[in-house]
Amino acid sequence: MQAPVLVLKDSLKRESGTKVHHANIQASKAVADIIRTTLGPRSMLKMLLDASGGIVVTNDGNAILRELDIAHPAAKSMIELSRTQDEEVGDGTTSVIILAGEMLHVAEAFIEKNYHPTVICRAYNKALEDAIAVLDKIAMVIDPNDRATMLGLVKSCIGTKFTSQFGDLIADLAIDATTTVGVDIGQGLRDVDIKNYIKVEKVPGGQLEDSRVLKGVMFNKDVVAPGKMRRKIVNPRIILLDSPLEYKKGENQTNAELLKEEDWNLLLRMEEEYIEEICMQILKFKPDLVITEKGLSDLACHYLSKHGVSAIRRLRKTDNNRIARACGAVIVNRPDELQESDVGTGAGLFEVKKIGDEFFAFIVDCKDPKACTVLLRGASKDVLNEVERNLQDAMSVARNIIKNPKLVPGGGATELTVSATLKQKSSSVEGIEKWPYEAAAIAFEAIPRTLSQNCGINVIRTMTALQGKHANGENAWVGIDGNTGDITDMKEGKIWDAYNVKAQTFKTAIEAACMLLRIDDIVSGIKKRQAPGSGPSKPKIETEADADGEQILPD
């Protein structure tokens, strides 16, 4: 009579794992459903309310998920996916969630049929390898120096965004900014550091069309003494400092004993002489503009203004780095170590302008700036914030193309080609892995299906027509035009995606789906509070009989 009991216990254990899988898959699908409607050019916007009562209006997948407060651990890891995608390639944040959600959804049927998650993961990894091979096959190499092609690509990648209604504007800004800061690092490679050397300044007021990329930098500062110092200098000699131009008191409490009245004057004079000496060391190099990250005393201000030098103090470290890159200066830590080579002479103009209520300093018309500022103007803060998010995506796309100049078709064509190829290959897959492999092939169709849903067209008819075109390998470039909902050739419609973005989307989505499938239990690491007055409970000693009687986790 013992055997049936053992079987029963084993099924209980399996049931527990299945329930956890089911809960994880449901949570992941819920996250995917939240942002499903934001895929494609005819997508809906989401209005998010934050804790402080502010609103964010956007259709950027990552921006939406960042604002969500979700307790379920599986859903949290899905949100992390979109953040990873945003940091790696800056685009495809919505696609990666939808694809991962779909991969988990098709796996649910196999989990219920008692397939082991490792088998499903093996099939998925095989599908991922074959999908990347298909991408390599259909990718088209382009010349990143061809401005028209770059413009078309960036436009098609951000065509799904809010700013697509302003034509080429954002794409132009993105290409100008990324080509400005690109530096050759040898072996035909270029490095584009968007984070550190492209600053986006949002100034409400004016029209969006007034936005531009400056050949140099701007920052929200005015000169120290506006009446005495020049606010416009042509071809300035710029010195950048990382040290204070003021008297530095002792590190800890310093006691000075003064015996007679003249000693006080002597002490003051020593301070003044110290500041004068520093200023003279700087003035030896005949600068027109001195910028320091630290403080600048009134006395130093007096010496500098007397020699016709403008000064700016307490500038951010990041801004100082950008100025150094733009005008060719070197940031100096001690004034007595200054050399002629440290002086920046690459800028064409220094000017302080008033925009709205604030003063902005411009160091522009630089000869070969390796840093720049994008000045965004717009009607309101909300519009500006959304434009900035779209610009970040556009710059990431431009950077990806400069680093890896390969294109794949957009509009769901890539996913359909991958899906059709995997379906054909599934017949040659042997053993139990064949069915999950085929399911992964079907899961790729989630992207074109969602696109057609968001266009408001007949989904079943469109998908059947597309599958028919791709099944016989007729043309890998046939997909959906997201604006009209028509089935068109992506080359003619100029609807493209960057190879990097697609490859990263596939890898991230499938790897995340595998990770979530391999979770068979969620264990809380939080202690339960004991009722007041109850002492520590007596430890329970487990016997062999308890070993298999695991408690099933509640849903």
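The values are calculated or read from the model by the stated rules, or taken from the named source; none is laboratory data. Quick caveat: nothing in here was measured; it's all calculated off a predicted structure. Cβ atoms come from the backbone with ideal geometry, glycine included; neighbour counts cover every protein chain shown. When the accessible area is computed, the model is the full protein with side chains, heavy atoms only, and any ligands, DNA or RNA have been set aside. Shrake-Rupley method; radii C 1.70, N 1.55, O 1.52, S 1.80 Å.
Overview of values
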{"item": "Segment 28-67: number of residues that are open to solvent by less than 50 Å² (accessible area, probe 1.4 Å), modelled with pLDDT of 85 or more and out of contact with any helix residue (DSSP H, G or I) (no Cβ under 9 Å at 6 or more places or on another chain)", "result": "0"}
{"item": "Selected residue (criterion: nearest to the chain's Cα centre (by Cα)) from residues of segment 213-232 that are of a type in the set (G, A, S) and surrounded by fewer than 20 Cβ atoms within 10 Å (Cβ to Cβ)", "result": "A225"}
{"item": "Condition check for K249: free of Cβ contacts under 8 Å to residues at least 24 places away in the same chain, among the basic types (K, R), open to solvent by 80 Å² or more (accessible area, probe 1.4 Å) and farther than 14 Å from F350 by Cβ", "result": "yes"}
{"item": "Failed item in (1) in contact with a helix residue (DSSP H, G or I) (Cβ under 7 Å, 6 or more places away or on another chain); (2) under 20 Å from D521 (Cα atoms); (3) modelled with pLDDT of 85 or more, with L128 passing the rest", "result": "(2)"}
{"item": "Residue list for segment 371-403, filter: assigned to a helix (DSSP H, G or I) and out of contact with any helix residue (DSSP H, G or I) (no Cβ under 8 Å at 6 or more places or on another chain)", "result": "K381, D382, L384, N385, E388"}
{"item": "Wholly within segment 139-224, helices (runs of 4 or more DSSP H) carrying at least 3 residues that are closer than 19 Å to R322 by Cβ", "result": "169-181, 194-197"}
{"item": "Hits in segment 393-411 - residues which are touching a strand residue (DSSP E or B) at 6+ places or on another chain (Cβ under 7 Å), open to solvent by 10 Å² or more (accessible area, probe 1.4 Å) and either among the hydrophobic types (A, V, I, L, M, F, W, C) or more than 24 Å from D481 (Cβ to Cβ) (or both)", "result": "I402, K403, P405"}
{"item": "Index of the failed condition, G346 passing every other in (1) under 17 Å from I275 (Cβ atoms); (2) without any contact (Cβ under 8 Å) to a residue 40 or more places away in the chain; (3) surrounded by 18 or more Cβ atoms within 10 Å (Cβ to Cβ); (4) not β-branched (V, I, T)", "result": "(1)"}
{"item": "Top-ranked residue in segment 129-155 [being open to solvent by less than 30 Å² (accessible area, probe 1.4 Å) and of a type in the set (G, A, S); ranked as farthest from Q392 (Cα to Cα)]", "result": "A131"}
{"item": "Qualifying residue in segment 90-102 (condition: charged (D, E, K, R), in contact (Cβ under 8 Å) with a residue 12 or more places away in the chain and farther than 18 Å from K507 by Cα)", "result": "no"}
{"item": "Exclusive hit being acidic (D, E), surrounded by fewer than 24 Cβ atoms within 10 Å (Cβ to Cβ) and touching a helix residue (DSSP H, G or I) at 6+ places or on another chain (Cβ under 8 Å), set E80, E108, E87", "result": "E108"}
{"item": "Exclusive hit being loosely packed, with under 15 Cβ neighbours inside 10 Å and under 18 Å from V364 (Cβ atoms), set N235, N255", "result": "N235"}
{"item": "Any hit, segment 41-49, residues being closer than 29 Å to Y499 by Cα and part of a helix (DSSP H, G or I)", "result": "no"}
{"item": "Which listed residue, of D319, D298, D368, is under 19 Å from V203 (Cβ atoms) and not small (G, A, S)", "result": "D319"}
{"item": "K469 being part of a helix (DSSP H, G or I), more than 21 Å from K502 (Cα to Cα) and modelled with pLDDT under 90", "result": "yes"}
{"item": "Entirely in segment 264-367, the strands (runs of 3 or more DSSP E) that have 1 or more residues that are acidic (D, E) and modelled with pLDDT of 90 or more", "result": "349-355"}
{"item": "Enumeration of residues in segment 289-314 that are closer than 22 Å to V234 by Cβ, surrounded by fewer than 20 Cβ atoms within 10 Å (Cβ to Cβ) and in contact (Cβ under 8 Å) with a residue 12 or more places away in the chain", "result": "S305, H307, G308"}
{"item": "Residue within segment 173-193 that is under 21 Å from I312 (Cβ atoms) and of a type in the set (V, I, T) present", "result": "no"}
{"item": "Residues (touching a helix residue (DSSP H, G or I) at 6+ places or on another chain (Cβ under 7 Å), surrounded by fewer than 20 Cβ atoms within 10 Å (Cβ to Cβ) and outside any helix (DSSP H, G or I)) located in segment 412-445", "result": "V429"}
{"item": "Any pair with Cβ under 6 angstrom, 6 or more apart, that starts in segment 32-60 at a residue that is free of Cβ contacts under 8 Å to residues at least 40 places away in the same chain and ends at one that is in a helix (DSSP H, G or I) and open to solvent by 50 Å² or more (accessible area, probe 1.4 Å)", "result": "L48/E67"}
{"item": "Matching residues in segment 354-392 - criterion: being surrounded by fewer than 21 Cβ atoms within 10 Å (Cβ to Cβ) and closer than 28 Å to E246 by Cβ", "result": "K354, E358, F359, F360, F362"}
